[in-house]
Every structure is written in C-alpha cells, then in structure tokens.
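Take a look at the structure set out below.
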Amino acid sequence: MRYVFLGPPGAGKGTQAEMISRKYDIPHISSGEMLRENVTAETKLGKKAMSYMDRGELVPDQILIRLIKDKLSSPDCSKGFILDGFPRTVVQAEALVSILHQLELKLDAVIYFDVPFEELITRLSGRRTCRACGINYHIKFKPPKDKRVCDKCEGTLYQRDDDKEGAIQNRLNEYQRRTKPLIAYYRKEGLLITVEGGKEISKIFEELCRIFGVARYE
Ligand code: AP5
Ligand code: MG
C-alpha cells in the first residue's frame with residue numbers, strides 16, 4: 001500500500017493517516033510532523049524551517065525532498081506507506097516520481113480530501129496536538145478526556161503556533177496558490193481519488209478502508 005494524502009490544512013489528512021497506519025500496520029509519514037520534530041530538537045534543518053512554518057508558508061522544496069527521500073529509502077517503508085503533507089508543490093511531486101523510480105516502487109493512488117473552506121478554519125482553530133506523540137484532537141469534534149492531556153500517552157496538549165489566526169490564513173493562501181494545482185496534476189496521471197472530507201471522522205475512515213480494498217481511480 002503506497003498512498004499520498006492530499007488536501008488543504010485541516011482537511012483531516014493526519015487524523016485519517018494515523019488510523020489507517022494502525023489498522024494496516026504501515027508507516028504514517030507526516031512531513032509536518034518530521035519538521036516539527038526537527039524544530040523541537042533544534043537541528044540545523046529545524047532552525048531553518050521554523051520561520052517558514054510559524055508564518056504559515058511552505059518550507060523550501062529541497063529541504064523536504066531530502067527529508068522524504070531519506071525516509072522512503074529506510075527499510076520500514078518497504079512494505080508501504082501513507083505520505084501525509086508531501087508532495088505539496090509540483091516540484092515536489094516530480095521529485096517523488098524520481099525517488100520512487102530509483103526505489104523501483106509505484107504509488108497506488110493519491111487520496112484528495114475535499115473539504116469546504118469554512119469548515120477548515122473551525123477545524124484548525126479548535127485543534128489541540130500532543131507534544132509527546134503528535135496525535136491531534138479537536139475541542140469539539142474529537143475531544144480528549146482531559147483537555148490538557150493526551151488520552152494515548154498522557155503527553156501535554158498544546159495549540160500549534162500555525163493554528164493561530166494570521167498563520168491559518170497564510171496556510172490556506174499557500175495551499176490555493178501552490179498545492180491545489182496537484183489535484184489536476186494527479187488527475188492527469190490517473191492516480192486521483194476524491195473523498196468527501198466534510199463528513200464525520202468515522203464515516204471517512206470507513207470509506208478509506210473500502211477504497212484500500214478496491215481502488216477506484218477518477
Ligand atoms: P502540516 O503539519 O502538514 O500541516 P497542514 O498540511 O497544514 O495540515 P494540517 O496538519 O493542519 O491538517 P490535517 O489535514 O493533517 O488535519 P488534521 O487531521 O490534523 O504542515 C505544517 C507546516 O509544515 C506547513 O505549513 C509548512 O510550513 C510545513 N510543511 C509541511 N510539509 C511541507 C511540504 N511538503 N512542503 C513545504 N512545507 C511543508 O485535522 C485538523 C483538525 O480537525 C483536528 O483537530 C482534527 O481532530 C479535526 N478533524 C479531522 N477530521 C475531522 C472530521 N472529519 N470532522 C471534524 N473534525 C475533524
Ligand atoms: Mg496534519
């Protein structure tokens with residue numbers, strides 16, 4: 001199973017990828033999470049990426065391409081993966097083609113999460129993330145038992161800096177300008193499957209499990 005999850009910020013890519021990864025026991029590769037780990041560890045890469053992320057802008061392509069290439073080349077990705085948040089530009093999509101070609105692998109499909117724009121703002125502003133394991137909650141749609149503590153690992157929950165108002169708008173603008181063209185790109189490649197992402201979390205999960213059983217391409 002080799003899938004890309006594509007969609008705007010707040011579309012539910014991370015939520016579904018985490019559930020699918022557990023059900024099918026394949027790695028969930030979140031580019032945003034990998035960058036946040038580098039920021040927390042104060043690596044050179046993390047220091048470079050942080051200013052872009054806090055402003056809600058995309059981090060330069062070459063940084064992401066190197067990061068994902070190393071990850072996909074690791075043995076734990078040999079039986080499959082869910083790529084969440086990469087590629088996000090046409091340059092990244094083309095780099096992914098050449099990375100997979102070198103590894104003699106092929107994508108099964110690209111799942112596009114189609115969600116109304118107003119819903120994205122509600123989802124992002126109410127999201128809370130675990131500092132320890134990175135799992136996402138929502139104060140209304142997926143509330144943790146204790147609003148400050150992760151149900152799974154008891155880590156502290158926090159609001160991402162880029163989930164604050166100014167950064168949300170920038171992220172949505174970046175999506176429109178630089179990521180949305182990938183919908184047409186993957187449709188042309190015959191790899192795109194659109195999922196109605198405005199539904200309940202459990203309904204979308206059921207649909208994804210169906211798709212993974214029998215892939216339907218547009
Ligand atoms: P990243 O962490 O990837 O953020 P994003 O794409 O903006 O996506 P989000 O994580 O915000 O949304 P999601 O779709 O995962 O939604 P989630 O499941 O959490 O990237 C962060 C930054 O890193 C970027 O801005 C950029 O700077 C940099 N970056 C990362 N990748 C890059 C790349 N390839 N190139 C360049 N820069 C890169 O859900 C959101 C909320 O809604 C949660 O609270 C959840 O509980 C709730 N929710 C989920 N599904 C539903 C539902 N069906 N109904 C109701 N609520 C729901
Ligand atoms: Mg995410």
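Values for this structure:
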quantity	calculated
Share of alpha-carbon pairs per 5 Å distance bin for region 1-126, given as whole %	2, 10, 19, 23, 22, 15, 7, 1, 0
Selected from Ala167, Ala109, Ala41 as most flexible by GNM, with the chain as the system and alpha-carbon contacts under 10 Å	Ala41
Dipole magnitude (debye, nearest 20) for region 107-172, charges at Cβ of Lys, Arg, Asp, Glu	360
For region 48-56, 3J(HN,Hα) per residue [Karplus equation, 6.51 cos²θ - 1.76 cosθ + 1.60, θ = phi - 60°, Hz, x = Gly/Pro]	5, 6, 4, 5, 5, 5, 4, 7, x
Counting DSSP beta bridges with both ends in the chain, the antiparallel % (nearest 5)	35
For Arg128, residues with placed amide H under 5 Å, excluding near neighbours	Tyr137, His138, Ile139
Charge tally in the Cβ shell below 15 Å around Ser73, where Lys, Arg are +1 and Asp, Glu are -1, Ser73 excluded	+2
If the convex hull is drawn through the Cα atoms of region 80-128, its volume per residue in Å³	106
P(r) weight above 13 Å for region 143-217, C-alpha pairs, percent	78
Semi-axis lengths (Å, descending) of the ellipsoid that matches the C-alpha gyration tensor of the chain	24, 21, 18
Table column - 3J(HN,Hα) (Hz), region 28-36, Karplus curve with 6.51, -1.76, 1.60, x for Gly and Pro	9, 9, 9, 5, x, 5, 5, 5, 4
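Quick note: the coordinates plus some simple rules give every number you see, no bench work behind them. Owing to the predicted nature of the structure, the values given are computational and were not obtained by experimental measurement. Counting neighbours? That spans all protein chains shown, and the Cβs are built from the backbone with ideal geometry, glycine included.
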